[in-house]
Amino acid sequence: EAHQLKLMVSNVLTPNNNTQALIDLVCEHHPDILITLESDKKWEKALEAVEGDYPYSVKIPLDNLYGMHLYSKLELIDPEVKYLMIDDIPSIHTQMRLK
């Protein structure tokens, strides 16, 4: 267990309004790292319910189906948002301190 890392990635589908379903999954599984795709301001607001467990985050709320949020229990080292392919499609680049 000391060498395990729990990662949860969820494509939330921007128009989906069932934010509580994701909150429930996060509370049930307690991932070390949570990444959401297609997340906008609505999803960012809903995810405030779990932010207390994730001291490190990178938030890119977008309404164009390319928003993303990264929440981590592990320290993020020099996180950067980059636009490698197209100006409105972000990616998150970071290192993490593995304790």
**Study point:** residue 87 in a loop (DSSP other than H, G, I, E, B) and among the acidic types (Asp, Glu)
**Key:** yes
Review point. Can you tell me which residues in the stretch 6-46 are without any contact (Cβ under 8 Å) to a residue 40 or more places away in the chain, assigned to a loop (DSSP other than H, G, I, E, B), out of contact with any His (no Cβ under 6 Å at 6 or more places or on another chain) and not charged (D, E, K, R)?
Key: 12, 13, 15, 16, 17, 18, 30, 31
Study note, to complete from the structure: Those residues of the stretch 47-84 which are under 17 Å from residue 10 (Cα atoms), outside any loop (DSSP other than H, G, I, E, B) and not acidic (Asp, Glu) amount to 47, 57, 58, 59, 60, 68, 69, 70, 71, 72
Review point. How about the stretch 1-28: which of its residues are touching a Pro at 6+ places or on another chain (Cβ under 8 Å) and exposed (fewer than 13 other Cβ atoms within 10 Å of the Cβ)?
Key: 6, 7
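Coordinate-derived values only; no laboratory data. These numbers were taken from a predicted model, which means no experiment stands behind them. Every residue, glycine as well, gets a Cβ built from its backbone with ideal geometry; the counts of neighbours run over all protein chains shown.
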